[in-house]
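Data first, discussion second: the structure below is written as structure tokens.
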Amino acid sequence: MVGNFGFVEAEWTELHAEAARAEQVALVDPRSSGFYARRTLEATLTWLYTADETLTHPYKDDRAAMLH
């Protein structure tokens, strides 16, 4: 099955694994899917703040502060 996150696999294998896992279990285990989706979001935000030097790190190192 081709998933929604195939385009991520070539460059960000670890993020793809987490996103694909969230997608795989979405219908059979929504709670686990939410867990993996959250892990994917947190890993993506961490990478983003590390890779983009123009972003200033938020006052707090948590998901809400990074999104704000």
LEU55 paired with ARG39, simple spin-label distance in nm, labels 7 Å along Cα-to-beta-carbon: 2.0 nm
Model label zone, GLU14; criterion: amide N under 18 Å from point 7 Å along Cα-to-beta-carbon; scope the stretch 26-49: 36-49
Apportionment of accessible area to carbon and sulfur, the chain, percent (1.4 Å): 56 percent
Column: log10 I(q)/I(0), Debye, Cα scatterers of the chain, q = 0.18 Å⁻¹: -0.73
Unit charges at the beta carbon, dipole of the chain: most positive-side option, LEU27, LEU55, LEU45: LEU27
Angle between the chain longest axis and helix 30-51 axis [Cα atoms, degrees, rounded to 10]: 40 degrees
Cα-centred dipole magnitude for the chain, charges only on beta-carbon of K, R (+1) and D, E (-1), debye, nearest 20: 320 debye
Nearest-ten-degree value, helix 13-24 long axis tilted from longest Cα axis of the chain: 50 degrees
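The values are calculated or read from the model by the stated rules, or taken from the named source; none is laboratory data. Quantities reported herein were computed from a predicted structural model and do not represent experimental measurements. For neighbour counting, all protein chains shown are included, and Cβ atoms are generated from backbone atoms with ideal geometry for every residue, glycine included. All accessible areas refer to the heavy atoms of the entire protein, side chains included, with ligands and DNA or RNA removed. Shrake-Rupley method; radii C 1.70, N 1.55, O 1.52, S 1.80 Å.
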